[in-house]
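One structure is given below, encoded as structure tokens.
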Amino acid sequence: MQLTSPSRREFLSLTAAGSLLAAGISYAGQASPLLSEKTQPHTPPPRVAHYQLLNVRLEEGFERDGNDVIATRTALYDITVKEGKFAAIEPAGKARNAALPQWDANGALLLPRTRDMHIHLDKTFYGGPWQAPRPRQGKTIMDMIAREQVLIPQLLPTSQARAEAIIGLLHSKGTTEARSHCNIDPVSGLKSLEHLKLALANHPQFPCEIVAFPQHGLLHSKVDGLMREAMQMGVEFVGGLDPTNVDGAMQASLDAMFQIALDFQRGVDIHLHETSPSGVAAIQYMIDTIAKNPQLKGKVTLSHGFALATLEGKALDQMIAGMAEQQMSVASTIPIGKLTMPLPQLQAAGITVMTGTDSVIDHWSPFGSGSMLEKANVYAQLYRGSDEFGLSRALHIATGGILPLSNQGERQWPQLDDEASMMLVEASCSAEAVARISPVRATFQRGLPVFSA
């Protein structure tokens, strides 16, 4: 965390807020604190099971003007990590143990780790030479599948290395766990899955669920047998894709997907891009199928689900109520476009909403950064969260619901014995981290550092 020299912004912060920083207290209304007042060589965090992080900035509470939250109060702490958990949280300088390895965070803000719950690690241009997607105008999803049938054999020889490169990217953005969709198709067979599993085996500090994804259509590409083989290889979720637009038979496609899940007692995570009435019908059919098969309750994720954005009023309320009753979850990339996903309404009904990168850079899109802070930023923009309170709440979409402060402004994370999966960011508070997509300085999974800048 030691920096060789302050940036202009950090220098201005020091001159404007020197007295408060000296006391270890800051407010979000001010610029981010200087991370290091001394020129020191960079040293990585200790890779041991028991150590101390010094001068870590934690959120203490909200500052209010009447009923309005106008700032976030923070203070510096020394944190002891032992066996992957928070073992002690003390005011800075009060309980340091010289017998333990120590690492100075220099005032960086501690936030929960983030989760990327919809990404494709198995097919990517990342880690290779620059390559933009081909023009999409006038192309259908079937055209894209045809393009992929040519491209996948070209990507397979480097797919493991490129998956590992994306894992490194995600770590650098504060993400320590993910859910990756993996192609199961006639072109690659199970090779993409084999390569992905090898990549993940090389990164045990990156827990990742895998979805067997029939990208070329479960029925259209006749991969039911391959999907079942994938389940036997330990894949956690059965995937699906646009049962009407790709497979041409909504009920038959969804029935086949659900049957695999039932036969192997797995969860489901289906890509549903359809915005026509067929997309609405597919969601309703999924709700009805779960109701008839209670063992699926709480185990089905709707990825994208753009058809929900076509509904309003009573129709939307009824669909959301059905999804909530069956404990469905939603994975959304928080798209910006003509249709706005009703994510707050879903969450208000108790539906878990997750987010993810989807594509970092591939033949579908070149725009993925791998940053879940960026996704929280977009969430705040779309759903009118530009104030201190709204920005701080938007962080939940990136962390799986974990927030440093409760809605009442009481510190709820970190607590003693919580898992020490976390990131240190160059920000004064959660609101600034979300609004400015602040740089991540270090990432830890169960107490072990997996990235440091």
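The values are calculated or read from the model by the stated rules, or taken from the named source; none is laboratory data. What you see is a predicted model; the values in this text were computed from it and never measured. Using ideal geometry, Cβ is built from the backbone for each residue, glycine included, and neighbour counts are taken over all protein chains shown. Keep in mind that these areas ignore ligands, DNA and RNA; they rest on the heavy atoms of the full protein, side chains included. Shrake-Rupley method; radii C 1.70, N 1.55, O 1.52, S 1.80 Å.
For the stretch 199-213, how many residues are open to solvent by less than 50 Å² (accessible area, probe 1.4 Å) and not in a loop (DSSP other than H, G, I, E, B)?
The qualifying residues number 7.
Suppose the filter is charged (D, E, K, R) and out of contact with any strand residue (DSSP E or B) (no Cβ under 9 Å at 6 or more places or on another chain); does ARG411 pass it? Steps first, answer last, please.
Details: charged (D, E, K, R): yes; out of contact with any strand residue (DSSP E or B) (no Cβ under 9 Å at 6 or more places or on another chain): no.
For ARG411, the condition - charged (D, E, K, R) and out of contact with any strand residue (DSSP E or B) (no Cβ under 9 Å at 6 or more places or on another chain) - is not met.
How many of the residues in the stretch 430-446 are open to solvent by 10 Å² or more (accessible area, probe 1.4 Å) and part of a strand (DSSP E or B)?
Adding up the residues that qualify gives 2.
ARG136 is checked against (1) open to solvent by less than 30 Å² (accessible area, probe 1.4 Å); (2) modelled with pLDDT under 95 and fails just one. What number does that condition carry?
Looking at each condition in turn, ARG136 falls short on (1).
Of the conditions (1) closer than 14 Å to LEU110 by Cβ; (2) under 14 Å from the mean Cα position of the chain (by Cα); (3) open to solvent by 10 Å² or more (accessible area, probe 1.4 Å), GLN415 satisfies every one except a single condition; which number is it?
Just one mismatch for GLN415, condition (2).
Please go through the stretch 164-214 and give me each residue that is closer than 14 Å to ASP116 by Cα and of a type in the set (Gly, Ala, Ser), ordered by number. Reasoning before the result, please.
Here is the first cut: in the stretch 164-214, the ones closer than 14 Å to ASP116 by Cα are 166-181, 206-211.
The answer is GLY168, SER172, GLY174, ALA178, SER180.
Given (1) part of a helix (DSSP H, G or I); (2) open to solvent by 20 Å² or more (accessible area, probe 1.4 Å), identify the lone condition not met by MET323.
With respect to (1) part of a helix (DSSP H, G or I); (2) open to solvent by 20 Å² or more (accessible area, probe 1.4 Å), MET323 is out only on (2).
Can you give me the number of residues within the stretch 295-320 that are in a helix (DSSP H, G or I), closer than 26 Å to GLU236 by Cα and open to solvent by 40 Å² or more (accessible area, probe 1.4 Å)?
Initial filter on the stretch 295-320 (in a helix (DSSP H, G or I)): 295-296, 306-310, 313-320.
Subset that is closer than 26 Å to GLU236 by Cα: 295-296, 306-308, 320.
So of that shortlist, the ones also open to solvent by 40 Å² or more (accessible area, probe 1.4 Å) come out as 295, 306.
Residues meeting the conditions: 2.
Filter the stretch 365-396 down to residues that are of a type in the set (A, V, I, L, M, F, W, C) and either at positive phi or open to solvent by less than 20 Å² (accessible area, probe 1.4 Å) (or both), then give me how many there are. Give the derivation first.
Step one: of the stretch 365-396, the residues of a type in the set (A, V, I, L, M, F, W, C) are 367, 372-373, 376, 378, 380, 382, 389, 391, 394-395.
From what's left, either at positive phi or open to solvent by less than 20 Å² (accessible area, probe 1.4 Å) (or both): 372-373, 376, 380, 394-395.
Residues meeting the conditions: 6.
Hey, could you check the stretch 87-102 for residues that are in contact with a strand residue (DSSP E or B) (Cβ under 9 Å, 6 or more places away or on another chain) and free of Cβ contacts under 8 Å to residues at least 24 places away in the same chain and say which is most open to solvent (accessible area, probe 1.4 Å)?
Restricting attention to the stretch 87-102, the residues satisfying the condition of being in contact with a strand residue (DSSP E or B) (Cβ under 9 Å, 6 or more places away or on another chain) are 87-97, 100-102.
Subsequent filtering for residues that are free of Cβ contacts under 8 Å to residues at least 24 places away in the same chain retains 90, 93-95.
Details: GLU90: 76, GLY93: 50, LYS94: 156, ALA95: 49 Å².
Residue satisfying both the conditions and the ranking: LYS94.
Can you name the strands (runs of 3 or more DSSP E) wholly within the stretch 103-197 that have at least 1 residues being closer than 23 Å to LEU272 by Cα, under 23 Å from the mean Cα position of the chain (by Cα) and in contact (Cβ under 8 Å) with a residue 24 or more places away in the chain? Show your work before the answer.
Numbers: elements: 109-112, 114-119, 175-183.
Per the criteria, 114-119, 175-183.
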